[in-house]
Amino acid sequence: MLSKRKEKILKQMATNNSVIVTDKLEEALNSCLASFPDDKLFLVVDDKSDRFCLPLICDTLRIEKFKKIVIPSGEENKILSSVEKIWLFLSKRGADRKSLVVNLGGGMVTDLGSFAASTFKRGVQYVNIPTTMLAQVDASVGGKTGFNFNGLKNEIGVINQPLQVIIDTRFLETLDHENFISGYAEMIKHGLIHSQDHLTELMNFDLLKPDYSLLQGMISRSVLIKNYFVAKDPTEKNIRKALNFGHTVGHAFESYSLKSANPLLHGHAVAYGMITELYLSRLRSGFPDGNMHFLSKWIMSIYGKFRITTDDYAELYELMGHDKKNEGRRINFTLIKSVGEVEINKDCTKNQIFEALDYFRELNNI
């Protein structure tokens, strides 16, 4: 658990009060809906959240008044045509600048629905109710919206803050283990870039038998850490880039895996990206060698193996070159000097990146 002093600092820095972690979701949502008339309420869900999650809030006042669109689930549907479906739905059902869009689902739903709302009629207000671990601690928080394009992860999007994000850990009980730990990777990242205290509690948590009451506090602390960086740098010009740790390589792994029959979940890709970037952190930022090996093996013990060969390096390197964080021909990384000590805009040579991929590949072969 974070020390009281650190948690107080986080709360002071995370001045965005739009994120609520609660076990009284209905009450929080009803309060949010109060200023919107019945005919201005719109709901975006995917088929899974419609089936498993919407029933959990069916007692919410006026939920039956929402005009609802259901989009197909899955990362392969996080594309422009899905956004167009939402735009068309909003247009045909009479949405305007005074409407409210509520996105109920995982990161795919919150990213797509948020982007559609942010761009429809130059922007309508939206609320995110994230139902997966990944969405609760990452995708729905911070105002990043968008969709995949041209085979690249989140290539098109805007930064636009939601009216509110309402987080309820009850939804997490509907997740299978792989989706649960996918979101957990982002919490691990938050510990690595900000707090040894948070990292330690994550390492001590039983992922096979989750204690959801304990998890609620952990998610609150993880969200506070993300909001700390977002509040200091809303448009990602500087320190908010700390949140990209593990993502330059992770997004390359994820995009590369989309060609396979079993594409990586986002959190798994980020976990593998963190292992690779821990090695780069040792090369470029002096991260302790022993700590790197210990953390890499711990992360791999959770996420299993993702095998690559030297023949894959060139394509992975090219995918890293398309990352949005790059400047010109430089491939930019967020690296860590120690747990909680971040260095942004660290460029690495091709040889250093290939050396880090060697480390990851060899760790997979042990």
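The values are calculated or read from the model by the stated rules, or taken from the named source; none is laboratory data. Quick caveat: nothing in here was measured; it's all calculated off a predicted structure. FYI the Cβ positions are ideal-geometry reconstructions off the backbone, even for glycines, and counts take in every protein chain you see.
General remarks:
- Number of the condition not met by Lys153 [criteria: (1) in contact (Cβ under 8 Å) with a residue 40 or more places away in the chain; (2) within 25 Å of Asn30 (Cβ to Cβ); (3) of a type outside the set (A, V, I, L, M, F, W, C)]: (2)
- Leading residue by the ranking (modelled with the lowest pLDDT) among those in the range 1-58 that are among the β-branched types (Val, Ile, Thr), over 22 Å from Ile193 (Cβ atoms) and outside any strand (DSSP E or B): Ile57
- Any hit, the range 58-78, residues being among the acidic types (Asp, Glu) and crowded, with 17+ Cβ neighbours inside 10 Å: yes
- Checked across the range 124-133, the condition of being over 16 Å from Val45 (Cα atoms) and modelled with pLDDT of 95 or more holds for at least one residue.
- Residue among Ile308, Ile331 that is touching a residue at least 60 places away in the same chain (Cβ under 8 Å) and not polar (S, T, N, Q): Ile331
- Whichever residue in the range 35-72 is touching a residue at least 24 places away in the same chain (Cβ under 8 Å) and of a type in the set (Val, Ile, Thr) and, among such residues, is nearest to Ser99 (Cα to Cα): Val44
- Flag for Gly123 being closer than 25 Å to Ser255 by Cα and either under 15 Å from the mean Cα position of the chain (by Cα) or not basic (Lys, Arg) (or both): no
- Some residue of the range 189-197 being touching a helix residue (DSSP H, G or I) at 6+ places or on another chain (Cβ under 9 Å), within 18 Å of Pro130 (Cβ to Cβ) and not assigned by TED's automatic domain parsing to the domain that holds Asn128: yes
- Residue list for the range 156-208, filter: of a type in the set (Val, Ile, Thr), buried (at least 19 other Cβ atoms within 10 Å of the Cβ) and within 28 Å of Glu26 (Cα to Cα): Val165, Ile166, Ile167, Thr169, Ile181
- Cβ-Cβ under 7 Å pairs, at least 6 apart or on other chains, the range 80-92 side assigned to a helix (DSSP H, G or I), far side surrounded by fewer than 19 Cβ atoms within 10 Å (Cβ to Cβ): Leu80/Phe149
- From the list Val127, Val141, the one residue that fits, being in contact with a Cys (Cβ under 9 Å, 6 or more places away or on another chain) and of a type in the set (A, V, I, L, M, F, W, C), is Val127.
- Some residue of the range 162-177 being touching a residue at least 60 places away in the same chain (Cβ under 8 Å), under 30 Å from Leu80 (Cβ atoms) and among the hydroxyl-bearing types (Ser, Thr, Tyr): yes
- Any hit, the range 328-345, residues being of a type outside the set (A, V, I, L, M), under 30 Å from Leu175 (Cβ atoms) and surrounded by 15 or more Cβ atoms within 10 Å (Cβ to Cβ): yes
- If the condition is being in contact (Cβ under 8 Å) with a residue 40 or more places away in the chain and within 12 Å of the chain's Cα centre (by Cα), then the range 140-150 contributes Val141, Gly142, Gly143.
- Scanning the range 239-282 for residues being among the charged types (D, E, K, R) and not in a helix (DSSP H, G or I) gives a total of 1.
- Residue match in the range 134-153 (condition: surrounded by fewer than 17 Cβ atoms within 10 Å (Cβ to Cβ), closer than 16 Å to Gly113 by Cβ and of a type outside the set (Ser, Thr, Tyr)): no
- Contact map, the range 286-303: first residue without any contact (Cβ under 8 Å) to a residue 40 or more places away in the chain, second residue assigned to a helix (DSSP H, G or I), Cβ cut-off under 8 Å, separation 6 or more or different chains; pairs are Asp289/Arg282; Met292/Leu278; Met292/Tyr279; Met292/Ser281; Met292/Arg282.
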